[in-house]
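Taking it in order: structure first as structure tokens, then the write-up.
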Amino acid sequence: MSSEFWLSLGLPPELLVFLVSAVPVSELRGALPLAINVLGIPWYWAYLIALAGNLLPVPFILFLLEKVLALLGHFAFIRKFTYWIVDLGKKRSAPVERYKRIGLLLLVAVPLPFTGAWTGSLVAVVLGLDRKEALIYISLGVVVAGVVVTCLCLLGWFGALIAGLVLSGVAVFRMMNSRKPPCLT
């Protein structure tokens, strides 16, 4: 989408970047390309705005999600949604269960779909991790993800090519590791 579309929303560019980085799915992975490559905001300013926006919801998720899901679970029409949220957290928890704090940092830092601060916070809650410690590692992961995405944005098409190759490599690696070895009994 062009910068005209985003600016036609009537919000200052910096506020747009902040809001895009605060919502799930896009987070700073969507906000930084918008800021740097579409809106023309200098990379250092875009990085700081996206970092702040992406970190804003984390304490609320960490400290309130359990209570909100418990409350919503009382309503039949939304109960399936709460189960889906908890199941999503369980599905994404493998690296955190295996590598603990570093796994949480990597879950947030690697700019792939369904990773990031929202998912990391959800996983921390589902696994019952110490909330203050989780906040530290999620914040570090957001800082790393921001650096990676900013570098890719500054590299333009070359950065997109690098990201595509890395994502393809990760996919191939996952497929190779998902095969079970033959049973030797």
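The values are calculated or read from the model by the stated rules, or taken from the named source; none is laboratory data. As the structure is a prediction and not an experimental result, all values here were calculated from the model. No Cβ is skipped: glycine too gets one built from the backbone with ideal geometry, and neighbour counts run over all protein chains shown. For accessibility, only protein heavy atoms count, side chains too; no ligands or nucleic acids. Shrake-Rupley method; radii C 1.70, N 1.55, O 1.52, S 1.80 Å.
What the table shows:
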quantity	calculated
Residue within the range 53-73 that is closer than 20 Å to L152 by Cα and touching a residue at least 24 places away in the same chain (Cβ under 8 Å) present	yes
Hey, I85 in contact with a helix residue (DSSP H, G or I) (Cβ under 8 Å, 6 or more places away or on another chain), assigned to a helix (DSSP H, G or I) and either modelled with pLDDT under 90 or under 22 Å from L48 (Cα atoms) (or both) or not	yes
Where P111 falls short, out of the listed (1) in a loop (DSSP other than H, G, I, E, B); (2) crowded, with 19+ Cβ neighbours inside 10 Å; (3) at pLDDT 90 or above	(3)
Residue ranges of helices (runs of 4 or more DSSP H) in the range 7-71 with at least 1 members at pLDDT 95 or above, among the hydroxyl-bearing types (S, T, Y) and within 20 Å of V147 (Cβ to Cβ)	13-22, 43-55
Meets criteria (surrounded by 14 or more Cβ atoms within 10 Å (Cβ to Cβ), free of Cβ contacts under 8 Å to residues at least 12 places away in the same chain and in contact with a Pro (Cβ under 9 Å, 6 or more places away or on another chain)) for G103	yes
Matching residues in the range 142-160 - criterion: being open to solvent by 30 Å² or more (accessible area, probe 1.4 Å), in a helix (DSSP H, G or I) and either aliphatic (A, V, I, L, M) or in contact with a Phe, Trp or Tyr (Cβ under 7 Å, 6 or more places away or on another chain) (or both)	V143, V144, V147, V148, L152, L154, A160
Residue match in the range 5-28 (condition: surrounded by 15 or more Cβ atoms within 10 Å (Cβ to Cβ), touching a helix residue (DSSP H, G or I) at 6+ places or on another chain (Cβ under 7 Å), touching a residue at least 40 places away in the same chain (Cβ under 8 Å) and closer than 26 Å to L107 by Cβ)	yes
Options G73, G116: the member that is on the phi > 0 side of the Ramachandran plot, surrounded by 14 or more Cβ atoms within 10 Å (Cβ to Cβ) and touching a Lys or Arg at 6+ places or on another chain (Cβ under 9 Å)	G116
Pairs where the first residue, in the range 124-152, is over 13 Å from A109 (Cβ atoms) and the second is among the basic types (K, R) and not in a loop (DSSP other than H, G, I, E, B), C-beta under 6 Å, 6+ apart	V126/K90
Candidates S93, S139 - the one that is among the polar types (S, T, N, Q), over 30 Å from F5 (Cβ atoms) and open to solvent by less than 10 Å² (accessible area, probe 1.4 Å)	S93
